[in-house]
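Q: Submitted below is the structure of interest, expressed as structure tokens.
The values are calculated or read from the model by the stated rules, or taken from the named source; none is laboratory data. Because the structure is a prediction, the values reported are computed rather than measured. As a convention, Cβ positions derive from the backbone with ideal geometry for all residues, glycine included, and neighbour counts pool all protein chains shown. The area values use the complete protein model at the heavy-atom level, side chains included, leaving out ligands, DNA and RNA. Shrake-Rupley method; radii C 1.70, N 1.55, O 1.52, S 1.80 Å.
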Amino acid sequence: MAVVGPEEVGSISSLRRRLAGDEPYGSAGRIRNRAHATYQFLAQIGAERIPGRVGEFLGPLSVEGAAAGRVLHDTVLRRRIDQARLTMARSRTVDWDELGRRIEPFVDTFAYGAAGAFPRPGFAPLADTGLEILVDPDFRDPWLNEFHEIFLAGLTPDGTPEHYDIVGMTPAEAETAAAGWGILQEYVPELVESIRPHFSLLAAVDGERPFFSASTKDVPSAVFVSRGCLTDPLRAAEALLHEGVHSKLYDMYVGFSILGAGYDKDTIAHVEPAWHEGRESWPFDRALAAYHVYVHLAVFYSTLAALPDGSALWRDYTRGQVEESARSCGERARLLGADLLPLGEAHAGGSGVAFLRWLDSVLTDHLKARSAA
């Protein structure tokens, strides 16, 4: 649990520390370590089924630091492990040979992880962020081609690039993304530390009515933002925080029983977000993910709204628009929480029920603080 003095309870700074440090649902270290332990175990078991390559494969996987993150932050490798895991779950059989076959192409690249950063084709570091951005989407490269296929399957309407697709980020767009990350680092550094361990790749999307920003557990450790989002640093900051919080939840699913046993989104209770006025209906898991995000965004925008008049932020943005974002995000979180809490016992797992209650306690303190202000 994040340590908060009695005089700070309910303050914006204390809420940021709770979202980033409360055990177990705020702590990025606890969540990441559980996810890493799971994927490292699966990778090692699969490696044992690859003749003649066990020692070479296990060496870099058994160390901490960059190599430890290799499994979590390689989208293609992690997706291959997930596919083998899901195939075994659906067939109710254990087939470690299948897992070994899926990960064998990655054995030679693990040496990069032992020394530090490992190269991913087409990506380049984004200055002072620790993230990598896609600048050269040459899909002739096998790894990048598979990354592209995972994106199309997970985040396009029909699994094709007909409507929108990932594109190389321009220098101007990269500058905006870095400026957005800079806003987060300057004003909500606790939240940056909370989301940073959960994704590492950033790509731009362009085309016919693309999403504002997106991520999915089916495209792990990657965040996608529309080119329209990359024209304004504050919009970019919101998108990065939004999808970073989602990525944190995806890792949480690995190590915690967030959803109930046998959860089926096709038969589960749905929530109708009030602001969509009946036009959309979300399954429990999607509504829960949105609730998680809106609590964070409410705290983010409330932090900005409390900045003094001389803050550099007010050179480009008005207090009114930031206040409205804080109000809107807080209200959306309140509405979702009111719908989700009664459903928790039926649809969430043991950890999921506690997770919902924790979010509700943070939001309650946040709304009290705003009301008092």
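Q: What's the angle, to the nearest 10 degrees (0 to 90), between helix 319-340's Cα axis and the longest principal axis of the chain?
A: It works out to around 70 degrees.
Q: Return the carbon/sulfur percentage of the accessible area of the range 117-159, one whole number, probe 1.4 Å, all protein chains in place.
A: 54
Q: Kindly provide the helix-only [θ] at 222 nm of the chain, computed as the sum of -39,500 (n - 2.57) over DSSP H runs of four or more divided by all residues, to the nearest 500 deg cm²/dmol?
A: Details: 15 runs with 207 residues, N = 373.
Theoretical 222 nm ellipticity from helices: -18000 deg cm²/dmol.
Q: Taking amide H positions as placed 1.01 Å from N in the peptide plane, with prolines and chain starts having none, which residues 5 or more places from Leu259, or on another chain, fall under 5 Å of its amide H?
A: For Leu259, whose amide H was placed from the backbone, the distant partners under 5 Å are Gly349.
Q: Follow-up. Mind grabbing the accessible area of Asp316 for me, 1.4 Å probe, Å², rounded to tens?
A: Number for this one is 120 Å².
Q: Given H placed on each backbone N at 1.01 Å, which residues far from Trp282 in sequence or on other chains put an amide H within less than 5 Å of it?
A: Residues meeting the criterion, in which the H sits 1.01 Å from N, are Val271, Glu272.
Q: Which residues' amide hydrogens lie under 5 Å from the amide hydrogen of Tyr164, considering only partners 5 or more residues apart or on another chain, with H built in the peptide plane?
A: Glu208
Q: Inverting the mean 1/r over all pairs of different Cα atoms, compute the Kirkwood radius of the range 225-345 and quote it in Å. All intermediate terms of the calculation are to be shown ahead of the outcome.
A: Values: mean 1/r = 0.0624 Å⁻¹.
Taking every pair of different Cα atoms in the range 225-345, averaging 1/r and inverting gives 16.0 Å.
Q: Output wanted: per-residue J couplings in Hz (rounded whole) for the range 34-50, from phi through Karplus 6.51 cos²θ - 1.76 cosθ + 1.60, θ = phi - 60°, x for Gly and Pro.
A: Per-residue couplings from phi come out as 5, 5, 4, 4, 5, 6, 5, 4, 5, 5, 5, 4, x, 4, 5, 9, 9 Hz.
Q: For the range 121-266, what mean projected area does the convex hull of the alpha carbons give, in nm²? Please report the intermediate quantities before stating the final value.
A: Values: hull surface 37.6 nm².
Average of the hull's projected areas for the range 121-266 equals 9.4 nm².
Q: Provide Rg and Dmax in Å for the chain, with only Cα atoms included in the calculation.
A: Every Cα atom of the chain included, Rg and Dmax give 20.8, 66 Å.
Q: Turning to a different aspect of this structure: In whole percent, what relative contact order does the chain give with Cα contacts below 8 Å and a gap of six or more residues? Each step should come with its number before you reach the end.
A: On the way: 573 pairs, mean separation 62.0, N = 373.
Relative contact order comes out at 17 percent.
Q: Looking at the chain only, what percent of DSSP beta bridges run antiparallel? Nearest 5 please. Spell out each step's value before the answer.
A: On the way: 12 of 19 bridges.
So the antiparallel bridges amount to about 65 percent of the total.
Q: What's the magnitude of the charge dipole for the range 270-373 around its Cα centre, counting Lys and Arg as +1 and Asp and Glu as -1 at the beta-carbon? Answer in Debye, nearest 20. Display every interim value, and only then the final one.
A: Working: 10 positive and 13 negative charges, 44 e Å.
Its charge dipole is roughly 200 debye.
Q: Would you mind getting the accessible area per residue of the chain, heavy atoms of the protein chains only, 1.4 Å probe, in Å²? Walk me through the numbers before you get to the answer.
A: Details: 16090 Å² over 373 residues.
Computed with neighbouring chains in place, this is 43 Å² per residue.
Q: Please list Asp74, Asp232, Asp206 from largest to smallest accessible area, probe radius 1.4 Å, with all protein chains kept in place.
A: On the way: Asp74 5, Asp232 40, Asp206 65 Å².
Largest accessible area first, the residues go Asp206, Asp232, Asp74.
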